[in-house]
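Below: one structure, written as structure tokens.
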Amino acid sequence: MFVALNISATPNRLKILILSTPVGALGSGLGGGVELTIANLARELQSRGHIIEIVAPAGSQLGDLAIIQIPGSLQLTAQTQELSASIVMPSDPVLANMWATARTIQHDYDIIFNTAFDWLPFYLTPFFDRPIAHFVSMGSQIAAIDLAIERVAIDYPGTIGVCTRTQAETFKFGDACCIVGGSGVDPSVYEYCAAPEAALAWLGRISPEKALEDAVAAAQRTGLNLKIMGKIQDVAYWEQINRDYPDAPIEYLGFLPTYELQQALRTCRGLLMTPRWVEAFGNVAIEALACGVPVVAYRRGGPAEIIADGKTGFLVEPDSIEGLVAAIDRLPEIDRADCRHAAETIFSQSAWGNVMESWFYRLVG
Ligand code: HBI
């Protein structure tokens, strides 16, 4: 008698529904590091045999990843609102539309992965039949959202994931968070460069909390050309920087896809990271390391937990232009191969995939 073997169901294969950030379509750059988090996680877990589906605002595109496109109005960014802000939902909110879709299809999946830093997904958690792993992508921003996250951290232990210890400490419930990192890089996507040119780089959403003006001021002091890449999220802020530093040696290269980004980044002497806020992680730091580019960063938030001071870059007194300039002068002391090695090991996509996969297995039980 012939026994049909169920060879398609690999043991422990998970079906994962990823819900995107509601502040912009994936690929627009408005979602910042969350775009890389979703793209790298989907690719890594698919390579391990898991099934991934993504729900995201209409107009989303992330390589060849399948995306369920949801219409509706984008959510206001949380970091531009006051701590005491009320929760605001626009009419026809894409956030609510995404979660209404998730509710109807949830039983086709083992687990839901939330990347929205918003009140609604946390409030809805008890109404779902499937475990929800919440990726909290920023430090504390709005008290009402903190409360919603705290409720879930207490009622659903182990379901709140944060990038770094410093980020966790911005929340009263920090000890109840799982530290899962922000992303991991696939080294094969980044081309190592051993011999840099006399240029610096700055990557990220161009928005006040990223303090690009400090990097521009430091570049002007060193005379090194500063390549700026990333989405201009706050146009008025960008124009103010250009007015304040008319003679700075800067060039804006736009918001580039990863291949073009690393082509421009890899030949730089160093990456400057000047966060005014507690950067939760700093994906751009591990992208730089993957190219062999050391990082000069304020000793604040995620970058301070990613960069080994004196080995893969330098950590500087926060908000000190002089500190940036002194560290830039010391960049030739760094062995660029050490930067690449850190990206191939600690910060690799596969190391991060292990952390995320075991987090999901724990929640699926
Ligand atoms: N704001 N309301 C809201 N929701 C998000 O998901 C969100 C945000 N601001 C920034 C952001 N996500 C990401 O760009 C960063 O967390 C990386």
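List of remarks:
- Folded to 0 to 90 degrees: helix 349-364 orientation relative to the chain principal axis, Cα: 30
- Taking the fewest neighbouring Cβ atoms within 10 Å as the starting point, the ordered list for D319, D110, D129, D244 is D129, D244, D319, D110.
- Stretching the chain fully between H341 and T80 yields a gain of 90.3 nm (0.36 nm per residue, less the alpha carbon separation).
- Taking the Cα centre of the chain as origin and assigning +1 to Lys and Arg Cβ atoms and -1 to Asp and Glu Cβ atoms, the resulting dipole is close to 580 debye.
- Largest GNM mean-square fluctuation across S320, S348, S20, computed for the chain with C-alpha springs under 10 Å, falls on S320.
- Largest to smallest principal axis extent of the C-alpha atoms in the chain, angstrom: 73, 55, 37
- The GluC sites (Glu not before Pro) of region 43-150 that meet both conditions, a loop assignment by DSSP and at most 16 other Cβ atoms within 10 Å of the site Cβ, are E82.
- Counted over all Cα-Cα pairs of region 187-344, pairs farther apart than 22 Å make up 32 percent.
- Lysine pairs within the chain, Cα separation less than 27 Å, 8 or more sequence positions apart or different chains: 5
- Computed over region 76-140, Cα set: Rg, Dmax in Å: 12.7, 38
- Calculated mean residue ellipticity at 222 nm for the chain: -10000 deg cm²/dmol, from DSSP H runs with n ≥ 4 weighted as -39500 (n - 2.57), summed, divided by the residue count and rounded to 500.
- Candidates D146, D338, D64, ranked by Gaussian network fluctuation over the chain, Cα under 10 Å, top entry: D64
- With q set to 0.25, 0.27 Å⁻¹, the log10 of I(q)/I(0) for region 283-350, from the Debye formula over equal scatterers at the Cα positions, is -1.05, -1.18.
- Taking every C-alpha pair closer than 8 Å and separated by at least 6 residues, the mean separation divided by the residue count of the chain gives a relative contact order of 15 percent.
- Global size of region 110-202: 17.1, 55 Å for Rg and Dmax (C-alpha atoms, Rg to one decimal, Dmax whole).
- Other residues whose C-beta falls under 9 angstrom from the C-beta of G24 contribute a net charge of 0, scoring Lys and Arg +1 and Asp and Glu -1.
- Computed from the Kirkwood radius of its Cα pairs, the Stokes-Einstein diffusion coefficient for region 19-99 at 37 °C and 0.692 mPa s stands at 245 µm²/s.
- Semi-axis lengths, Å, region 239-285, gyration tensor of Cα atoms, sqrt of 5 times eigenvalues: 21, 17, 11
Quick note: the coordinates plus some simple rules give every number you see, no bench work behind them. Since this is a predicted model, take the numbers as computed values, not measurements. All Cβ positions, glycine included, derive from the backbone under ideal geometry; neighbour counts span all protein chains shown.
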